[in-house]
1. With everything on Cα atoms, drop me the angle between helix 238-247 and the longest principal axis of the chain, reported from 0 to 90° to the nearest 10.
2. Where nothing but the Cβ of Lys and Arg (+1) and of Asp and Glu (-1) is charged, how large is the charge dipole of the chain around its Cα centre, in debye to the nearest 20?
3. Which residues make up the longest stretch of the chain clear of GluC sites (Glu not before Pro) that lie in a DSSP loop with no more than 14 other Cβ atoms within 10 Å, not counting the sites?
4. Could you let me know the centre-to-centre spacing of segment 365-386 and segment 211-283, using Cα atoms, in angstrom?
5. Take the solvent-accessible surface of the protein heavy atoms, probe 1.4 Å, and return the percent of it on segment 377-476 that carbon and sulfur atoms account for.
6. Thinking of segment 71-165 as a set of Cα atoms, what percent of all their pairs are more than 16 Å apart?
7. Per residue, how much accessible area does segment 377-476 show when a 1.4 Å probe rolls over the protein heavy atoms, in square angstrom?
8. Per-residue ellipticity at 222 nm for the chain, helices alone: DSSP H runs ≥ 4 residues times -39500 (n - 2.57), over residue total, nearest 500 deg cm²/dmol?
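The values are calculated or read from the model by the stated rules, or taken from the named source; none is laboratory data. Remember, predicted model here, so these are calculated numbers, not experimental data. Methodologically, a virtual Cβ is constructed for each residue, glycine included, from the backbone with ideal geometry; neighbour enumeration extends over all protein chains shown. Heavy atoms of the whole protein, side chains included, go into the accessibility calculation; ligands, DNA and RNA do not. Shrake-Rupley method; radii C 1.70, N 1.55, O 1.52, S 1.80 Å.
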Amino acid sequence: MSTEDVKQDSTNGTLGPFSKDYASSLDAADSLAHFRSNFYIPTVTDLKRPTLATPPDEGTAQPCTYLCGNSLGLQPVRTAEVVNAFLTQWRTKAVTGHFVDHTDSPLPPFVDIDDHAAKLMAPLVGALEAEVAVMGSLTANLHFLMSSFYRPSRKGEGRWKILLEGKAFPSDHYAVESQIVHHGLDPAEAMVLLEPTDPRYPILPTEQILETINQHASELALILLPGVQFYTGQYFDIQRITSHAHSHGILIGWDLAHAVGNVDVRLHDWDVDFAAWCSYKYLNSGPGAMAGIFVNEKYGKVDAEGSTPKFWPRLSGWWGDDKSTRFQMTNKFVPRPGAKGYQLSNPSALDLAAVVASLQIFNETSMADLRQKSLRLTTYLEQLLDALALKKPGLFDMVTPRDPSERGAQLSIRLAPGLLDSVLENLEHAGIIVDERKPDVIRVAPAPLYNSFLDVFRFCHVLEAALDKSSAASKS
């Protein structure tokens, strides 16, 4: 849905788009609105209370307006049930819980729980089940994947450089830099950095990315880019950029931390080489929860014929070993086919229980439907912000692309100098939860699984008051 569509909807009806009743009418027409009840939404009192326990006389409190799923997703209601099932399984079965199936459990035996999570994860990233593994953490997984896909030649001989954005998330930058050093190369020479042409609006147009690939094609051993940029919210054209990299014979990987559970990615169809993501943002699995990887099926093939199996090189661990012979302890590594052959250690079943609980919800709908709702939410948010900007000129602008196809759920709002701390304080006092990126940006991310059009309306209403208070205070 475009901005014009929303404007047309609002002018055709009897309710104006800047009314609470209009926002309520959008929620009433939302076929995904029922998913909101699958999540715990903290109350304003919860956020301010210095204890976890709720006093018996506290009474009913107003839910906060939570627009921070791009940083940490809300807890699904069913998470406690699934985690408790794991605890019961561990308590009552001990080691036999690795292998015993239970008819009344939402979880498989411990030894199979990672496969179960991968099966639920695959539809969210548009992948074959065999192309996905749920394992480790995001940066560790990027290291594991780069150890497999970044195999540079010697400096000045063939391909040895990595292309990434100059404003990459710090952990990605550190990972790439350390991989380069690990190969005895100098990051100052081996890193090709994509920089925005206008630092004030730090968007990286697809044409600029393609042209940079053209300029350095003969030396690039790898490209690593974000699916959705953490600061601006820009959604990169993964399909087109991947195809262009491959036309030059360059391997390309994607950090999908801000994309998975947010936009409708199709990694298999787009022929992506590899990708990695976390599961605590839009995937709502809890702080630091088990992450995921995608490895294109062509790199997961295993030829077990002969005395020495042939497979794409990678760091190896026993959980990636052939599942049928894993416990024979032969010390002869034969990887499982697909991404699961990239696993290393026995994963935390406790951690995976929380991941499974959230993925169950996603599998009750589709990323295509969630993406359509997300487009409606962000278009409505954009419309309200544009109207507010006309009323409050010079107090804020937006650094996220205006084209809905070039952004995910997040809109990044840049405030006038000196307003950030005061605006955030006023928002938080009113129970509005967003996050900040110094020195002047707030990131607002209505997540379609649990956010409503009323959430968007209330945010803009409170933001207007916060801007008034903050700008007046800055002038006094």
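1. Computed tilt is about 40 degrees.
2. Magnitude of the dipole: close to 640 debye.
3. That gives 158-304 as the longest site-free run.
4. So the two Cα centres are separated by 22 Å.
5. Answer for segment 377-476 is 56 percent, counting heavy atoms of protein chains only.
6. It works out to 72 percent of all Cα pairs.
7. 36 Å²
8. Using -39500 (n - 2.57) per qualifying helix, the result is -11500 deg cm²/dmol.
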